Amino acid sequence: MSAEVDYRSSLAEVAEWREQLEAQGQKLVLTNGVFDLLHAGHVRYLKEARALGDALVVAINSDESVTELKGPGRPVYTEQDRAEILCALEAVDRVVVFGEKRATATIEAIQPHIYTKGGDYTADSLIDEERELMERLGTEIRILSLVAGRSTSATLSRQAMSDDSTASGNKPRIALLGSGTGSNSRAIIEAVQSGQIDAEIALVASDVADCGVLTYAKEQGLPAIHIEPGTEKRGRLTDAACKEYTDKLKAARVDLICLCGFMRIVRGPILSTFEGRILNIHPSLLPLFPGVDAWQQAVDAGATETGCTVHYVDSGIDTGEIIRQSKVPIHPDDTVAAVKARINDAELVMYPEVVAELVAKL
Ligand code: GAR
């Protein structure tokens, strides 16, 4: 057996090597990714990337940043093993490890002649910071197309499907997405724990790092992650964030997604991948009072009753097919806070009931 060799190069070594290549009129290509379960799609992608220049450096996310990006259970292999496996490929010349979620600092240190990104990325998915940096460095950006049917998520999901050794068997898998206090997500978690909902919580995710939704889920020992919404205006997720949500939900092999006060528009690949399997709870009797602060809208309109609605999510704002509604009265002397609390009480009863019934049909 040969001795352990560390195949990871330092940024300084690679930066120096880049200078040497340039002096010889050669071009260095850089790409980055997780690469924790190598498949033929990766091999072809890396070959294509290498062919664009004279040398290829692959920057891989550190183990810690993979867990942060992809959720618990990832990476499949450690960064040291990933570096060794990648270096064994003909196309790969060096591997560096970076600890941040984004590769911006690595790009800056290496100053590659060509940068490639693969999969379902578009040049627009790169954050402004990365694009501006590469424009400044004169780095050419190349987006390489995805190899159909070969992705790490698909591989993991095939593997999970063939693995019947999971403790919870074949129970439907629910994801909870929320941004705030978390009373609805808590009600669903409690209903799962009590057996009212015969499912398991596969993932809890939020666009807000320190919200009640994540705090409670973590206390319960559930897989709970924060996914950056990106820099788009309030209520929007960037394309890159949509992709990250989709990747995480796919990796968690989710059957049903319950939005629990998730204050971002669900769109793009999240919607196309999970359409018909995403539920939302809204604090009004839709189609009345869609959007934000529905309780305030009801009071301002002088309504004598309001309530809450569970509906499927479509591409509109609170427009999807209605599944169930629950009414509550608005009394003349009610404060907005009292109306909000009354609606919330109704939500905490109705949402778990609806989820239990839908899950039973899965
Ligand atoms: C709930 O009242 C939910 O209906 C509302 O956010 C609140 C979240 O509370 N959702 C919307 O307004 C969606 N348009 P929670 O964090 O305590 O579950």
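Data table
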quantity	calculated
Residue check, residue 253 in contact (Cβ under 8 Å) with a residue 60 or more places away in the chain and touching a Lys or Arg at 6+ places or on another chain (Cβ under 6 Å)	yes
Residue within the stretch 59-68 that is closer than 20 Å to residue 4 by Cα, assigned to a helix (DSSP H, G or I), under 27 Å from the mean Cα position of the chain (by Cα) and touching a residue at least 12 places away in the same chain (Cβ under 8 Å) present	yes
Test: residue 251 is away from the ligand (no atom under 11 Å from the Cβ), surrounded by 19 or more Cβ atoms within 10 Å (Cβ to Cβ), among the small types (Gly, Ala, Ser) and under 23 Å from residue 182 (Cβ atoms)	yes
Test: residue in the stretch 173-186 that is more than 14 Å from the ligand (Cβ to nearest atom) and surrounded by fewer than 23 Cβ atoms within 10 Å (Cβ to Cβ)	yes
Strands (runs of 3 or more DSSP E) (entirely within the stretch 196-297) containing at least 2 residues that are within 29 Å of residue 128 (Cα to Cα)	200-206, 224-226
Test: residue in the stretch 280-289 that is surrounded by fewer than 18 Cβ atoms within 10 Å (Cβ to Cβ), more than 16 Å from the chain's Cα centre (by Cα) and not polar (S, T, N, Q)	yes
In the stretch 298-311, residue surrounded by the most Cβ atoms within 10 Å (Cβ to Cβ) [restricted to those that are in a strand (DSSP E or B) and not hydroxyl-bearing (Ser, Thr, Tyr)]	308
Residue match in the stretch 323-331 (condition: crowded, with 19+ Cβ neighbours inside 10 Å, within 10 Å of the ligand (Cβ to nearest atom) and over 25 Å from residue 269 (Cα atoms))	no
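Laboratory data are not the source of any read-out in this text; all were calculated from the coordinates shown. This is a predicted model, so every value here is computed, not measured. In this analysis, Cβ positions are derived from the backbone assuming ideal geometry, glycine residues included, and neighbour counts consider all displayed protein chains.
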